[in-house]
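Asks: Here it is: the structure, laid out below.
The numbers here are math on the coordinates, done by the rules we state, and not lab data. The structure presented is a predicted model; accordingly, all values stated were derived computationally and were not measured. Here the Cβ positions follow ideal geometry from the backbone for every residue, glycine too, while neighbour counts run over all protein chains shown.
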Amino acid sequence: MGTATDDGLPSGTLTIRWQVVYGPGPVIFSAPQSTTTNVTFTMAGTYGFSLTVSDGPFVSSDEVTVTVNAL
């Protein structure tokens, strides 16, 4: 889960996108254009994700690393 706030300018609309930066296998996002999403992993390993938010003229992003253990 990520958080983002907007000052309402220029339009008050945020564009949000989760992406896989690295990892051993594909993943499935339940809501890749929302700050809150679930991720389904296809294999164990270390994954990097980025959350990017834009209001048009300004863009901000951050990354998180997740380690998925085998069952």
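Asks: Starting from the Cα of Ala4, step 7 Å along the direction of its Cβ; do the same at Gln33; then give the gap between the two resulting points in nm.
Replies: The answer from the label model is 1.1 nm.
Asks: Run the simple label-point estimate for Ser54 and Thr40 please: 7 Å along Cα→C-beta, distance reported in nm.
Replies: For the pair Ser54/Thr40, the computed spacing is 2.9 nm.
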